[in-house]
Each structure stands twice: as C-alpha cells, then as structure tokens.
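Q: The structure is given below, and queries will be raised subsequently.
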Amino acid sequence: MSRRSRKDVPAQGAGRPTVSVCRGCCCGTEKIPGVDHAAQLARLRAGLEGSATVRAVECLDACEQGNVIVVQPSAEGRRAGGRPVWLGLVNDEHAEQDIVTWAAEGGPGLADAPDILDLYVFKPSRRVSAGLDG
C-alpha cells in the first residue's frame, strides 16, 4: 500500500490545458446547420486524450460567436503568463485540428497558437469571461 501523502498526488488535470466546448442554446444545436456537433466534440476529445481536458459546458453566453471554444491554460501555462483564449465561429474541422495541435503542445502560455486561429479569437465581456473562471 502506498504511503504517499495527498499533497504528493498531482491534481487532476492540473498539468493540462482545459478546452471548454459550448453546447448550450446556440452552439452545438441545429441553430448552426451543416455542423455535426456531436462529431466535433468527439474529435476534440479523441485528439486531446491524455494531453488536455475537454469538457462540454451548457452555455458560454456568447451566442453570436457559435460554436464557441475556450482554451484555458494549465497551471504551468498560467504561471508562464497564459490566459484563456476565446475562439468563436469554430465550425470547421481545420480549426478544430489547429486547436487540438495547440492544446496538445501545451496551450496558452506554453505554446504559440497557429496563426490561423487569430481569425477566430474574440474578447468576451468581463461578465461572461468571469463566469467561466468562477
């Protein structure tokens, strides 16, 4: 039996970025036709298995940007200056793959995002962004 103390056990997901995928009222629904929303979430989860935490969230309250994905830094990434990056209009597999590549390399603070993702970045209101961190 192990005698490691609780503080010796790394926190779940602490060393990995978190990718939050909006699946509320607008994102992930028929309001954005032509996108297989279930397949998008499955591809993100499969592509980031073991390197990032992927979670579906009810609503990120940025409906005009659907589909919204937020890439949050790991604890190490945050210490290195990384902050959550909000990506909107993520409705194609190429953007998904760029997100997977970036998050698998460490995400915000640890790896540079592919330049093409600059086209998807938006700044949510302070109220909205505070809700994700809270």
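Q: So in region 17-27, with the set limited to residues that are surrounded by 23 or more Cβ atoms within 10 Å (Cβ to Cβ) and part of a loop (DSSP other than H, G, I, E, B), which one is modelled with the lowest pLDDT?
A: Residues of region 17-27 that are surrounded by 23 or more Cβ atoms within 10 Å (Cβ to Cβ), as a first pass: 17, 19, 21-22, 27.
From the residues that got through so far, the ones that are part of a loop (DSSP other than H, G, I, E, B) too are 17, 27.
Numbers: PRO17: 97, CYS27: 74.
So, considering only residues that are surrounded by 23 or more Cβ atoms within 10 Å (Cβ to Cβ) and part of a loop (DSSP other than H, G, I, E, B), the one modelled with the lowest pLDDT is CYS27.
Q: Oh, and also: Would you check which residues across region 28-50 are assigned to a helix (DSSP H, G or I) and touching a helix residue (DSSP H, G or I) at 6+ places or on another chain (Cβ under 7 Å) and list them? Show your work before the answer.
A: To start, the set of residues in region 28-50 that are assigned to a helix (DSSP H, G or I) comprises 37-48.
If the condition is that a residue be assigned to a helix (DSSP H, G or I) and touching a helix residue (DSSP H, G or I) at 6+ places or on another chain (Cβ under 7 Å), then GLN40, ARG43, LEU44, GLY47, LEU48 are the ones that fit.
Q: While we're on this one: Where residues in region 49-68 are closer than 24 Å to ILE32 by Cα and of a type outside the set (A, V, I, L, M, F, W, C), which of them is farthest from the chain's Cα centre (by Cα)? Give the steps one after another, and end with the answer.
A: Step one: of region 49-68, the residues closer than 24 Å to ILE32 by Cα are 54-68.
Next, from what is left, pick out any that are of a type outside the set (A, V, I, L, M, F, W, C): 55, 58, 61, 64-67.
Numbers: ARG55: 8, GLU58: 14, ASP61: 15, GLU64: 18, GLN65: 15, GLY66: 14, ASN67: 12 Å.
Filtering first and then ranking leaves GLU64.
Q: Enumerate the pairs (first residue in region 51-75 and assigned to a strand (DSSP E or B) and at pLDDT 95 or above; second residue anywhere and among the small types (Gly, Ala, Ser) and surrounded by 23 or more Cβ atoms within 10 Å (Cβ to Cβ)) with beta-carbon separation below 7 Å, excluding pairs fewer than 6 apart on the same chain, so at least 6 apart or on different chains.
A: The qualifying pairs are VAL71/ALA103; VAL71/GLY107.
Q: Would you check if LEU117 is assigned to a helix (DSSP H, G or I), surrounded by fewer than 21 Cβ atoms within 10 Å (Cβ to Cβ) and of a type in the set (A, V, I, L, M)?
A: Values: assigned to a helix (DSSP H, G or I): yes; surrounded by fewer than 21 Cβ atoms within 10 Å (Cβ to Cβ): yes; of a type in the set (A, V, I, L, M): yes.
The answer is yes for LEU117.
Q: Which count do you get for residues in region 76-110 that are buried (at least 16 other Cβ atoms within 10 Å of the Cβ), in contact with a helix residue (DSSP H, G or I) (Cβ under 8 Å, 6 or more places away or on another chain), in contact (Cβ under 8 Å) with a residue 24 or more places away in the chain and of a type in the set (Asp, Glu)?
A: 1
Q: For region 69-98, name all the residues that are under 16 Å from ILE32 (Cα atoms) and within 9 Å of the chain's Cα centre (by Cα).
A: Within region 69-98, ILE69, LEU87 meet the criteria.
Q: Can you name the residue in region 28-55 that is among the hydrophobic types (A, V, I, L, M, F, W, C) and surrounded by fewer than 17 Cβ atoms within 10 Å (Cβ to Cβ) and, of all such residues, is nearest to GLU93 (Cα to Cα)?
A: Applying the first criterion (among the hydrophobic types (A, V, I, L, M, F, W, C)) to region 28-55 yields 32, 35, 38-39, 41-42, 44, 46, 48, 52, 54.
Subset that is surrounded by fewer than 17 Cβ atoms within 10 Å (Cβ to Cβ): 32, 38-39, 42, 46.
Details: ILE32: 14, ALA38: 13, ALA39: 10, ALA42: 12, ALA46: 13 Å.
Within region 28-55, the match that is nearest to GLU93 (Cα to Cα) is ALA39.
Q: Considering (1) out of contact with any Leu (no Cβ under 9 Å at 6 or more places or on another chain); (2) crowded, with 17+ Cβ neighbours inside 10 Å, say which one PRO124 fails and leave the rest.
A: (1)
Q: Considering only residues of region 76-89 that are among the aliphatic types (A, V, I, L, M) and modelled with pLDDT of 95 or more, which is farthest from SER20 (Cα to Cα)?
A: Only one residue tops the list, namely ALA80.
Q: Right, another one. What's the number of the condition ASP115 fails, among (1) more than 19 Å from ARG16 (Cβ to Cβ); (2) of a type in the set (D, E, K, R); (3) at pLDDT below 95?
A: Of (1) more than 19 Å from ARG16 (Cβ to Cβ); (2) of a type in the set (D, E, K, R); (3) at pLDDT below 95, only one is false for ASP115: (3).
The values are calculated or read from the model by the stated rules, or taken from the named source; none is laboratory data. What you are looking at is a predicted structure, and each value in this text was computed from that prediction instead of being measured. We place every Cβ from the backbone using ideal geometry, glycine too, and count neighbours over all the protein chains shown.
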